[in-house]
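Inspection log for the structure reproduced underneath, given as structure tokens.
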């Protein structure tokens, strides 16, 4: 909203989207931003994302570790391709790390995707990817954001191959 304290909101959203490489059910997947703050918020969030360095998840200073399996990397890549197909703008991220030592593991770049239009039934909004992908919708009126959020179907269960801590 226009009165948001971005100095608090940006790191909170960044940590929620990137922490544990996005591999927990409580990771931030969707972000609805009021148009009046969207540009500044996204600029700050991109800087936050770009400052994150992957590493050993057992190191307390590491926010971004690897994805848990090769299949998870494929799901990440498939999701990025789907985002591009539906016209999403990838602001940052969207690929696996391509430099040593992270190119040999399951390390993916934290991603910010801004959707041009919102279809709450699209898998972008309804499927847990368990990867560091944050999808952003920009709204003008609060009722619009509430409508988008309420249109996303409730998830009654998590697929058996995922776990939640």
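Here are the numbers for this structure:
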quantity	calculated
Between the range 95-156 and the range 27-50, the Cα center-to-center distance that results, in Å	12 Å
Helix 35-51 axis, angle to the chain major axis (alpha carbon atoms, nearest 10°)	10 degrees
Cβ-based exposure ranking for 49, 34, in which fewest neighbours within 10 Å come first	34, 49
The range 6-151: antiparallel DSSP beta bridges as a percent of all, rounded to 5	30 percent
Helix 142-151 axis, angle to the chain major axis (alpha carbon atoms, nearest 10°)	50 degrees
At q = 0.12 Å⁻¹, base-10 log of I(q)/I(0) for the range 83-149 (Debye sum, equal scatterers on each alpha carbon)	-0.38
FRET efficiency for residue 86 and residue 53, using Cβ-Cβ distance with R0 set to 35 Å, rounded to 0.05	0.70
The chain: angle of helix 70-85 to the longest principal axis, Cα-based, in degrees nearest 10	30 degrees
Cα-based convex hull, the chain, per residue volume (Å³, whole number)	116 Å³
Rounded FRET efficiency, nearest 0.05, which uses the C-beta distance separating residue 140 from residue 26 and R0 of 22 Å	0.20
Ellipticity estimate at 222 nm from DSSP helix runs (n ≥ 4, -39,500 (n - 2.57)) divided over the chain, nearest 500	-11500 deg cm²/dmol
Where a label projected 7 Å from the Cα of residue 122 along Cα→Cβ would reach, residues of the range 71-102 with amide N under 13 Å	79-90
Computed over the range 6-151: relative contact order in percent, which uses C-alpha pairs under 8 Å that are six or more apart	30 percent
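No value in this document is a laboratory result; all are computed from the given coordinates. Just so we're clear, the structure is a prediction, and the values are computed from it rather than from any experiment. All Cβ positions, even for glycine, are placed from backbone atoms using ideal geometry, and neighbour counts span all protein chains on display.
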